[in-house]
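What follows is a single structure, written as structure tokens, with notes after it.
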Amino acid sequence: VDGAWTEWSKWSACSTECTHWRSRECAAPAPRNGGKDCSGVLLDSKNCTDGLCLHSEYPGGWPRAWGLLEATGDVALYAGLVVAIFVFIVILMAVGVVVYRRRRRDFDTDITDSSAALTGGFHPVNFKTSRHDNPQLLHPSMQPDLTASAGVYRGPMYALQDSSDKIPMTNSPLLDPLPSLKIKVYNSSTASSSPGLHDGADLLGGVPAAGTYPGDTARDGHFASVRSKGLGSQHLLSLPREHGYSASGTFGCLGGRLTVPGTGVSLLVPHGAIPQGKFYEMYLVLNKAETALLPSEGTQTVLSPAVTCGPTGLLLCRPVVLTIPHCADVSSSDWIYQLKTQSHQGNWEEVVTLDEETINTPCYCQLEAKSCHILLDQLGTYVFVGESYSRSAIKRLQLAIFAPTVCTSLEYSLKVYCLEDTPDALKEVLELERTLGGYLLEEPKPLPFKDSYHNLRLSIHDIPHALWRSKLLAKYQEIPFYHIWSGSQRALHCTFTLERYSQASTELTCKICVRQVEGEGQIFQLHVTLGEHGSSSDTLRSHHSGVTTTTTTQVGPYAFKIPLSIRQKICNSLDAPNSRGNDWRLLAQKLSMDRYLNYFATKASPTGVLLDLWEAEHQDDGDLNTLASALEEMGKSEMLVVMATEGDC
């Protein structure tokens, strides 16, 4: 029986697509026993607005609404996929944040502050010293005191100034630029000697541009011509310089020494390092700018100031020796030491890891108890960093307490600075406190600081409560571990603000304890008479004057302990290899410079480089006794005779 259509159903309501439709079924009768199906369409649609709006039909008579239903299903599928991907990304980010916080939670420390007036958190803010041309300008930026109500603070640190400090804030620049610092190259055929050295004011205030010596225009033009031909692409180099943190000088083939007074930083230019007939103006700068980024990556800690020696790109015939102080406790064998240099893009790159040198290592580091002497073939910006590989490395810190020179109010503040145990760090704070009207109460005390994630805790005790009261609401203050260990924060300090009940109270006795939690500490027993600080001020002045009157530049033979004639005879005697090993290698062993002998073996005169390193190590010694003792142990009696007759042992 063949199938037949039923009657069409009634037309549906007019849809938003301007169409309506009707349907029928193949059921009158339905096909049976192999009969044929109905031919035609199940659905029929047409415009229900008499052509006032258009409509489209799908092939086979399906209305467009059915196509829309299919498209809507696709959109829902895609939307579901997008939502699923977004949720997955959010979950990944949440997991990452949780892991990051767990890894860093040891660095988020509880900070207990103390003050009756303000509430704030500890924030180590870099500071700027007063401009040299305006000594009356106080320090433009100063770290906040930990004088806020006791509490726990986690997360970003914000600075709130203690009302007791009353430090004017300005926006003056930290450093005056070095005007027109250029490389000077002179020819010995036109100048029989190097140009006169600048006096102290010139050294500190800036270096005149090359070729600007008054009264000699012809020579100036010739020098400029020689410089342009000899250095080609070397351009004007302007560096930030600060009073007391830089030195410069003009050197020839006789060499010399640059020293930044009171910082432990120096540059030794050996005899023969500069080509014969050339004179270079060289400089040495401690980078104290706030914008100077230090390379504290991960668990690494900065152990020395960042020092720039230059100009870069100079042709050197033999290595120079850069000496920088460090604050590592070298008696601890837990350190991994690295020397890093700063590229032209400002990134810090590893130069060498100590004890991992290869034949291609471009420098050699001689590590001493408080300084590092670096043999360099290239001038640039360098810093010494370290990392503890078993959580037992120790940094050497120094604690210094300052009090106000004049106290006219009832409040009296004691500042406790926590500094790296390097001369430049103490010098910086001494100069800062001098501008702020503070003075050093007593000599700084050392403090070993261990890589243990424990904070530094400071507390004050034994205050005469009948005459004074402390504004500290908690039992102690703390400096977070990472602020100290990173080495990138300068002049970290806490302030203890006290208040006397009467102006008649002019004496204060108390005890200040500083210690690392679960570590070592120091106790300061203080007895202060307000208004009588002559001896302590003398101490501050002696510290400061001692670092500003030292000669910054030494040129020629006067810069070296070993006379040139003795040096040449020692080199002639020890440079040649000896089958018994009684040559420069044994000298290196006697002088404790044999950590990596291959570096010296690649030099034309290994003995000469060893003697250059000895000169850098013993720049503060007054004789040749240590060198004479090493030669005597080697059996070089003939060298002792030479040193006795030609030198001053």
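Quick grid of which residues meet (1) modelled with pLDDT of 95 or more; (2) part of a loop (DSSP other than H, G, I, E, B); (3) surrounded by fewer than 22 Cβ atoms within 10 Å (Cβ to Cβ):
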{"site": "CYS407", "(1), (2), (3)": "no, yes, yes"}
{"site": "SER413", "(1), (2), (3)": "no, no, yes"}
{"site": "ALA425", "(1), (2), (3)": "no, no, no"}
{"site": "THR435", "(1), (2), (3)": "no, no, yes"}
{"site": "TYR453", "(1), (2), (3)": "no, yes, yes"}
TODO: Out of the residues in the stretch 551-590 that are of a type in the set (A, V, I, L, M) and closer than 24 Å to THR250 by Cα, state the one that is surrounded by the fewest Cβ atoms within 10 Å (Cβ to Cβ).
DONE: LEU564
Open item on the list: Give all pairs with beta carbons closer than 9 Å in which a residue from the stretch 26-43 that is at positive phi meets a residue that is modelled with pLDDT of 85 or more; count only pairs at least 6 apart in sequence or on separate chains.
Closed with: GLY40/TRP5; GLY40/ARG24; GLY40/CYS26
Open item on the list: Among the residues of the stretch 255-269, what is the count of those that are among the hydroxyl-bearing types (Ser, Thr, Tyr) and assigned to a loop (DSSP other than H, G, I, E, B)?
Closed with: 1
Open item on the list: On the basis of being hydrophobic (A, V, I, L, M, F, W, C) and buried (at least 19 other Cβ atoms within 10 Å of the Cβ), does LEU467 make the cut?
Closed with: no
- [ ] Sort out which residues of the stretch 591-605 are assigned to a helix (DSSP H, G or I) and farther than 19 Å from GLY255 by Cβ, and write them in order of number.
- [x] LEU597, ASN598, TYR599, ALA601
TODO: Looking for whichever is in contact with a helix residue (DSSP H, G or I) (Cβ under 6 Å, 6 or more places away or on another chain) and either of a type outside the set (Gly, Ala, Ser) or modelled with pLDDT under 95 (or both) here; the options are GLY264, GLY230, GLY277, GLY310. Which one fits?
DONE: GLY264
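The values are calculated or read from the model by the stated rules, or taken from the named source; none is laboratory data. Remember, predicted model here, so these are calculated numbers, not experimental data. When we count neighbours, we look across all protein chains shown, and the Cβ atoms used for this are built from the backbone with ideal geometry, even at glycine.
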